[in-house]
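The values are calculated or read from the model by the stated rules, or taken from the named source; none is laboratory data. Please read these numbers as outputs of a predicted model, since none were measured by experiment. Glycine also receives a Cβ, built like all others from the backbone with ideal geometry; neighbour counts cover every protein chain displayed. With ligands, DNA and RNA removed, areas are computed over all heavy atoms of the protein, side chains included. Shrake-Rupley method; radii C 1.70, N 1.55, O 1.52, S 1.80 Å.
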Amino acid sequence: MLTRLRIESMVKIADRTQFLWDRKVALALDCFICRRAHRSHFLEADESAGRCASGQRAGEETPEGVFSFSDTSLTHPTSARIAGFNSSAYRATGHRQAQLLRCDVDHWWAPFDDLVTGRPGRRLSAHPWVRLSFNTGCRDCFDKGDRDALSKPGRQGFQTNQVYPVVCSCPGCGRALATVESAPAVTLVSAPG
């Protein structure tokens, strides 16, 4: 069954800040391929499929019924992909700009019981988790002569299970460049009857 999830987030941007969403997403999904619940899936926009981290550690015995994709890799191809990655800017209150992100993820899902815990898998993980990233650059530092302040922006990340607000500052001058006030939302948009 094809299922669509939507991830939405907003970041407030300080004036004179360069901002760009990273097109990579980490998302917890219940994976019917390895038959494990709440596995981290690593997805990138414009890629046809992502990777699922099986949660297996090196040297651990593979549970019966789990297909081994590689002797060296603890991940496997997954049935999830980013179907839409849309961002937009708007003027928020207090003359600050905000960046909105809407990311749609399609993934194939089939009923299964987790091979380790025995819990039934779900279309949307019991505890939705997502990690998003963005790049920032400081125009103030660039104007003061730091030519790398915009050409090599700093990568910042945030995820659902951390304390908010998250403030991302310029490593050069310490000025707050971006503020994430709340966790990204993960919702089930569509699922067949």
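Here are the numbers:
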read-out: Selected residue (criterion: modelled with the lowest pLDDT) from residues of the stretch 88-109 that are open to solvent by 30 Å² or more (accessible area, probe 1.4 Å) and more than 24 Å from residue 46 (Cα to Cα); value: 95
read-out: Residue in the stretch 155-174 that is in contact (Cβ under 8 Å) with a residue 40 or more places away in the chain and in a loop (DSSP other than H, G, I, E, B) present; value: no
read-out: Filter result (at positive phi and modelled with pLDDT under 90) within the stretch 2-37; value: 35
read-out: Some residue of the stretch 135-150 being closer than 28 Å to residue 82 by Cβ and part of a loop (DSSP other than H, G, I, E, B); value: no
read-out: Single condition residue 156 does not satisfy, out of (1) touching a Cys at 6+ places or on another chain (Cβ under 6 Å); (2) modelled with pLDDT of 90 or more; (3) under 20 Å from residue 41 (Cα atoms); value: (2)
read-out: Flag for residue 155 being open to solvent by 70 Å² or more (accessible area, probe 1.4 Å) and under 30 Å from residue 30 (Cβ atoms); value: yes
read-out: The stretch 9-29, residues that are assigned to a strand (DSSP E or B) and surrounded by fewer than 16 Cβ atoms within 10 Å (Cβ to Cβ); value: 20
